[in-house]
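The structure's right below; bear with me while I get my questions together.
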2 protein chains.
Amino acid sequence: MSGIAYERGTPFLLARLGSLASRSWTAFLAGYGITQNQHAVLVVIREQGPLGQRRLAELAAMDARNIVAVLDSLTAAGLAERRPHDTDRRRRVVTLTTYGVRLIDTISEAAAHGQDHFLRSLDPAERDHLNDLLRRLYNAHVQA
Amino acid sequence: MSGIAYERGTPFLLARLGSLASRSWTAFLAGYGITQNQHAVLVVIREQGPLGQRRLAELAAMDARNIVAVLDSLTAAGLAERRPHDTDRRRRVVTLTTYGVRLIDTISEAAAHGQDHFLRSLDPAERDHLNDLLRRLYNAHVQA
DNA sequence: TATTGTTATACTCTATAACTATA
DNA sequence: TATAGTTATAGAGTATAACAATA
């Protein structure tokens, strides 16, 4: 509370707080041997089913160029696969392996129980409200 | 809205949304020739006054090791200065130059008008509420 | 012994530019 | 000509490890 609130706009706060959350989240995921982007990609496929890489990158809030290395590592780890598209020979459809499905399910369950520490300064109602606002903001940006 | 909400915990959302906000914020700051970490450091000094590097890193949500290069670049750009501490010869007190003060003030003013696009999916009351929740969360983590 | 600041280093993330193959 | 995927590369951010100077 001390000091003038000099620059505390929402993009600034999101960027800085996101940096904090990112480090915490990265450390959590490291326990499962994957990175943040790998996890984001796995989640999208788990929710949406098999996808082409450009749409996949879009939904994972990544760039199409940078998703290549992520998919390389995911396939090398046996978590995902690239298959040729039925009709369009430019496309490669990305699917999860059974191991990939199992891993993302395990992580999702563990994550639900692991966010309390990070949010300890907010009461339950505030946590729900924050989650709701962030989700709507995220969806608005990702599904544009 | 389609698909099961498979993993949308707050740390996940903050990390992903923070990644989006970070890119937007970085692009905005690039117009003023500084990076996100440089800006965060300038803001902290502007609010708190001259500080030692370890406390400065703490308040800027950075690591003490990684702030060295940031301060090197800030001093090289004539935005900040490192001075010896009065009594403790281990310490180096970081201050802003008049140019640094002027730049951070200009940016703060411009940023206040530039966040509308990023938050366009929320109405004014929701934006205020989100900002409040994020600010409290950020302060709780930074001032611990 | 603990603390302040520092260097070296390696990995992840992101963006700029340019390319191949196919539609 | 436009699109899907790719490669090379460079800058920024972060973390691990180790160090010198000073308290």
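Hey, could you check region B:46-87 for residues that are assigned to a helix (DSSP H, G or I), among the small types (G, A, S) and within 18 Å of B:L103 (Cβ to Cβ) and say which is farthest from DNA strand D (Cβ to nearest atom)? Explain how you work it out, then say what you get.
First, the residues of region B:46-87 that are assigned to a helix (DSSP H, G or I): B:46-48, B:53-59, B:67-76.
Filter again for among the small types (G, A, S), leaving B:57, B:69, B:73, B:76.
Those still in the list that are within 18 Å of B:L103 (Cβ to Cβ) too: B:73, B:76.
Details: B:S73: 8, B:A76: 12 Å.
If we take residues in region B:46-87 being assigned to a helix (DSSP H, G or I), among the small types (G, A, S) and within 18 Å of B:L103 (Cβ to Cβ), then B:A76 is farthest from DNA strand D (Cβ to nearest atom).
Further question: Report yes if some residue within region A:89-100 is over 16 Å from the mean Cα position of the chain (by Cα), free of Cβ contacts under 8 Å to residues at least 60 places away in the same chain and within 8 Å of chain B (Cβ to nearest Cβ); otherwise report no.
no
So, one more: In region B:82-102, how many are surrounded by 14 or more Cβ atoms within 10 Å (Cβ to Cβ) and not hydroxyl-bearing (S, T, Y)?
The number of residues fulfilling the criteria is 8.
Given (1) touching a residue at least 12 places away in the same chain (Cβ under 8 Å); (2) within 12 Å of DNA strand C (Cβ to nearest atom); (3) surrounded by fewer than 19 Cβ atoms within 10 Å (Cβ to Cβ), where does B:A77 come up short, assuming only one miss?
Here B:A77 meets the rest and fails (2).
Tell me which residues, restricted to region A:1-44, are modelled with pLDDT of 85 or more and of a type in the set (F, W, Y).
Answer for region A:1-44, where residues must be modelled with pLDDT of 85 or more and of a type in the set (F, W, Y): A:W25, A:F28, A:Y32.
So which of A:D88, A:D63 ends up being within 8 Å of DNA strand C (Cβ to nearest atom) and either closer than 23 Å to B:L14 by Cα or polar (S, T, N, Q) (or both)?
A:D63
Moving to a separate point now. If you go through region A:26-45, how many residues are touching a helix residue (DSSP H, G or I) at 6+ places or on another chain (Cβ under 9 Å) and assigned to a helix (DSSP H, G or I)?
13
For region A:8-57, which residues satisfy the criterion of being within 12 Å of DNA strand C (Cβ to nearest atom), more than 20 Å from A:E81 (Cβ to Cβ) and either of a type in the set (S, T, Y) or away from chain B (no Cβ under 11 Å) (or both)?
Across region A:8-57, the qualifying residues are A:S19, A:S22, A:T26, A:A30.
Can you tell me how many residues in region B:42-73 are in contact (Cβ under 8 Å) with a residue 40 or more places away in the chain and either of a type outside the set (G, A, S) or touching an Asp or Glu at 6+ places or on another chain (Cβ under 8 Å) (or both)?
9
The values are calculated or read from the model by the stated rules, or taken from the named source; none is laboratory data. Please read all numbers here as calculations on a predicted model, not as lab measurements. Cβ sites come from the backbone with ideal geometry, for glycine too, and all protein chains shown count toward neighbours.
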